[in-house]
Structure formats: structure tokens, C-alpha cells
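Below is one structure, written out as C-alpha cells; comments come after it.
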Amino acid sequence: MSGRITGIVLGAVLAAAANAAPADHYTMDGLKAEMAKLKAEAAATGSASETLKRYASHFTMLAYRNKDGGAEIHRQYADMFFVVKGKATLVTEGSIPDAKEESPGEIRGKAVLDGKKTVLGEGDVVNIPAGTPHQLLVAPGDEFLYFVVKVKESE
């Protein structure tokens, strides 16, 4: 009897696997090749990004910047940054004076004050939990290309 149950369960697992979506694979060379397009888009503002793919509870992006970003808080989403190229300083925690909700759950301001500074470089990975103030600072002449996974943590 247990052999039959095992067979039924295994059959169900194999059927689900046959209907599974394919894995998505991004190479460093491929991501770096996209940098030229984002760099051109960022000429006026200093930053550009593109959403790569949306999933049930997260989505992926590629982002580029060559100047400081503003301060942000995402109430529902955690950010995971995977640094592809360049360097920047990430400021987290602290406070955002005069913060404004620009869209539901998305808060913006000019700067994160009294935050923790972490220098990020190629190959680094950082997780920024939902609700955590954060800001990227890019020194004049530097560039920063990073792969982002935005994970929904709450409603």
C-alpha cells in the first residue's frame, strides 16, 4: 500500500515538474552588455532601470546610475542588490526628512540622514528589508550597474 501511495505522489510531482516554467538565467556579460542602453537612457537624469521579469511574489530589474539617487522606503518590497559593475555607497536605516508617499507604499525624499554607510563593489550582494530607508550615493565619474530582485514581503 505504501508503495502505491509513493507512486501516486511521485507521479504528481513529475507531472508538476513537466508543467513548470523554465529557469531564467542571466550572465554577467549579458547584464554588462545592457549597460550601454541604460547609460544612454540615464544621460539626462543619472539613472535608468528596466524590469526584466515579473513573477508571483517578486520581480527582477537591471538598474544603472552615475549620480546619487534619492532616499526611498518600500513598504511592501524588500530589495536585493547584486552588484554587476562599479561602486556606490549604500546608506540605510536613519531617517528621511520631508518624506512623501509618491505612490501607494513608495516613499521618497532627498536623503537618508544619520544612516549606516556601506561601500558596495562588483560581486557584492545586499538585502534591504521592506520598510528600511535607503539611498545610493555614486561619486562623480563613477558608474554603478546592479541587478535587483524586489521581493514582496507584505500586503
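The values are calculated or read from the model by the stated rules, or taken from the named source; none is laboratory data. What you see is a predicted model; the values in this text were computed from it and never measured. Neighbour counts run over all protein chains shown; Cβ positions are idealised from the backbone, glycine included.
For the stretch 35-43, the condition of being at pLDDT below 95, within 19 Å of VAL125 (Cα to Cα) and either in a strand (DSSP E or B) or among the charged types (D, E, K, R) (or both) holds for none of the residues. In the set (1) at pLDDT below 95; (2) in a loop (DSSP other than H, G, I, E, B); (3) aliphatic (A, V, I, L, M); (4) touching an Asp or Glu at 6+ places or on another chain (Cβ under 9 Å), the condition left unmet by ALA23 is number (4). Restricting attention to the stretch 86-136, and to residues there that are of a type in the set (A, V, I, L, M) and touching a Phe, Trp or Tyr at 6+ places or on another chain (Cβ under 6 Å), which single residue is surrounded by the fewest Cβ atoms within 10 Å (Cβ to Cβ)? So, considering only residues that are of a type in the set (A, V, I, L, M) and touching a Phe, Trp or Tyr at 6+ places or on another chain (Cβ under 6 Å), the one surrounded by the fewest Cβ atoms within 10 Å (Cβ to Cβ) is VAL125.
You will find that of GLY69, GLY86, the residue that is out of contact with any Gly (no Cβ under 6 Å at 6 or more places or on another chain) and outside any strand (DSSP E or B) is GLY69 and no other.
Taking the numbered list (1) under 19 Å from THR132 (Cα atoms); (2) surrounded by 18 or more Cβ atoms within 10 Å (Cβ to Cβ) in turn, ASN66 passes all entries but (1).
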